[in-house]
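Accompanying notes for the structure given below.
The values are calculated or read from the model by the stated rules, or taken from the named source; none is laboratory data. Since we're looking at a predicted model, the values are computed, not measured. Methodologically, a virtual Cβ is constructed for each residue, glycine included, from the backbone with ideal geometry; neighbour enumeration extends over all protein chains shown. Just the protein is used for accessible areas: all its heavy atoms, side chains included, with ligands, DNA and RNA removed. Shrake-Rupley method; radii C 1.70, N 1.55, O 1.52, S 1.80 Å.
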Amino acid sequence: MCSPGLDGWAPGLRLNRREAGPSNITAARTEYLKYLIAVKYLSRIMRPVEGIAPEDRLLTAIKKVEQATQRAKEEALAKEGIAKAQYNALLVLSSVQGITSAELARRCSVTPQAMNETVARLERQGWITRAPHPEHRHVLEARLTPTGESV
């Protein structure tokens, strides 16, 4: 059900009854205003393209920036000899120590099989260690080594 006060103001924006408090409606309006300002600004600076709405051009511009950022990150990682999958695993482990490969795979949005290969590679490089869980001996937990933390 659409929140009170948002009908016609933010088309397509839906909040359920629990979320429809005054602060969430204000936040939704603020985000929608930011979106409108961005569309208006980009529609001025981007050359007109016949048949394509300014909103679609905005999303295309955002996607191109994201792709350029990913390319730059991958190039920087390649110079250091670190694969993107390894970087993502190290990034997750830097904030959450002692998780399983399966949990690491979920947090990195990859298959458990792919993460097992990544974890094995990281362990061979000495960037992580795996040790049995204190209660469940068959479950291995991954932790960063001091070398892994410095990467």
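Using a 1.4 angstrom probe, figure out how much accessible area the range 59-151 has per residue, in square angstrom, rounded to the nearest whole.
On the way: 6090 Å² over 93 residues.
For the range 59-151, the solvent-accessible area averages 65 Å² per residue.
Quick one: how many Å² of residue 133 are accessible to a 1.4 Å probe, rounded to 10?
For residue 133, solvent-accessible area is about 40 Å².
Roughly to the nearest percent, how much of the accessible area of the range 57-151 is carbon and sulfur, given a 1.4 Å probe?
Working: 3330 of 6130 Å².
Within the range 57-151, the accessible surface is 54 percent carbon and sulfur.
What is the spin-label model distance, in nm, from residue 140 to residue 76 if the labels are put 7 Å beyond Cα along the C-beta direction?
Between residue 140 and residue 76, the label points sit 3.1 nm apart.
Please list, by residue number, every one of the GluC sites (Glu not before Pro) in the range 52-142 that is coil in DSSP and has at most 10 other beta-carbon atoms within 10 Å.
On the way: sites: 55, 66, 74, 75, 80, 103, 117, 123, 135, 141; in loops: 135.
Listed in order of number, the matching sites are 135.
Protein chains only, probe 1.4 Å: how do 110, 119 rank by accessible area, largest first?
110, 119
When the solvent-accessible surface of protein heavy atoms is calculated with a 1.4 angstrom probe, in what order do 109, 101 fall, highest first?
The most accessible residue leads, giving 109, 101.
Which FRET efficiency value, to the nearest 0.05, do you get for residue 133 and residue 83 by plugging their Cβ-Cβ distance into 1/(1 + (r/R0)^6) with R0 = 30 Å?
Values: r = 27 Å, r/R0 = 0.89.
The computed FRET efficiency comes out at 0.65.
Along Cα→Cβ, 7 Å out, is where each label goes; now give me the distance between the ones at residue 38 and residue 113 in nm to one decimal.
Here the answer is 3.7 nm between the modelled labels.
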